[in-house]
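Just so you know, all these numbers are worked out from the coordinates, no wet-lab data involved. If you're wondering where the values come from, they're calculated on a predicted model, not measured in any experiment. Every residue, glycine as well, gets a Cβ built from its backbone with ideal geometry; the counts of neighbours run over all protein chains shown.
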């Protein structure tokens, strides 16, 4: 049972490049989330999907887009990467919204 | 802005001692959760306490919630070196639907 799987684990981008972070869960959870973690800041919510077919902005959505492809998959896209988006990104899922989140192992992204 | 704030930012204790971490938050909540993060890893859920609960236990963990003071505490009893990690509180605020995390307490347990 893999839980929450994120790819890639590491990525280096140049300013202005685009990329998509992939996330999949195999626990049949309804809700999925994307967080970013910066030193000393804790985790900040970028976007979440309370259920399949819905997405909502979190605390720091600017510069990101998301797609809830199906119940299992929730992707995060950076259209034009900026150095301020250098961070560690975590995907998470839960059976119902905001109840016991299960996290992936993270993607370390550097934007030069 | 962060909803929950942990205190202290860092805590260093000897193996076998108890560790207490505190979390304060600003608005009314539905629930409060505690998570652990080992260095370089994802967060792991420890315990969830609802706004109508005052205390909860799970193994060596004890969580209290005081909604009048908008605060919670996490107690780890008989700590072990393996408890070394960062601990985060997260709150599910009633006035919005996103869960906010604090900046965490870095706990070091010395063998």
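Is it fair to say residue B:5 is farther than 21 Å from residue A:97 by Cα and either exposed (fewer than 12 other Cβ atoms within 10 Å of the Cβ) or without any contact (Cβ under 8 Å) to a residue 24 or more places away in the chain (or both)?
Against the criterion (farther than 21 Å from residue A:97 by Cα and either exposed (fewer than 12 other Cβ atoms within 10 Å of the Cβ) or without any contact (Cβ under 8 Å) to a residue 24 or more places away in the chain (or both)), residue B:5 does not qualify.
Give the residues of the stretch B:67-101 that are loosely packed, with under 15 Cβ neighbours inside 10 Å and under 15 Å from residue B:27 (Cβ atoms), sorted by residue number.
B:68, B:69, B:94, B:95, B:96
Have a look at B:107, B:75 and point out the one that is assigned to a strand (DSSP E or B), more than 13 Å from chain A (Cβ to nearest Cβ) and touching a helix residue (DSSP H, G or I) at 6+ places or on another chain (Cβ under 9 Å).
Details: B:75 fails: touching a helix residue (DSSP H, G or I) at 6+ places or on another chain (Cβ under 9 Å).
Going through B:107, B:75 in turn, just one is assigned to a strand (DSSP E or B), more than 13 Å from chain A (Cβ to nearest Cβ) and touching a helix residue (DSSP H, G or I) at 6+ places or on another chain (Cβ under 9 Å): B:107.
On the basis of being closer than 19 Å to residue B:99 by Cα, surrounded by fewer than 16 Cβ atoms within 10 Å (Cβ to Cβ) and within 13 Å of chain B (Cβ to nearest Cβ), does residue A:57 make the cut? Steps first, please.
Values: closer than 19 Å to residue B:99 by Cα: yes; surrounded by fewer than 16 Cβ atoms within 10 Å (Cβ to Cβ): yes; within 13 Å of chain B (Cβ to nearest Cβ): yes.
For residue A:57, the condition - closer than 19 Å to residue B:99 by Cα, surrounded by fewer than 16 Cβ atoms within 10 Å (Cβ to Cβ) and within 13 Å of chain B (Cβ to nearest Cβ) - is met.
Of the numbered conditions (1) more than 9 Å from chain B (Cβ to nearest Cβ); (2) under 15 Å from the mean Cα position of the chain (by Cα); (3) not in a strand (DSSP E or B), residue A:52 satisfies every one except a single condition; which is it?
Condition not satisfied by residue A:52: (2).
For the stretch A:76-97, state whether one or more residues are over 27 Å from residue B:36 (Cβ atoms), away from chain B (no Cβ under 14 Å) and under 11 Å from the mean Cα position of the chain (by Cα). Quick ask: steps written out before the conclusion?
At the first step, the residues of the stretch A:76-97 found to be over 27 Å from residue B:36 (Cβ atoms) are A:77-84.
Subsequent filtering for residues that are away from chain B (no Cβ under 14 Å) retains A:77-84.
Checking the rest, the ones that are also under 11 Å from the mean Cα position of the chain (by Cα) come to A:77-78.
Yes: one or more hits.
Give, as residue ranges, the strands (runs of 3 or more DSSP E) completely inside the stretch B:1-65 that count at least 2 residues that are away from chain A (no Cβ under 14 Å). Spell out how you get there, then give the answer.
Values: elements: B:4-7, B:10-14, B:19-25, B:29-37, B:43-50, B:55-58.
Hits in the stretch B:1-65: B:10-14, B:19-25, B:55-58.
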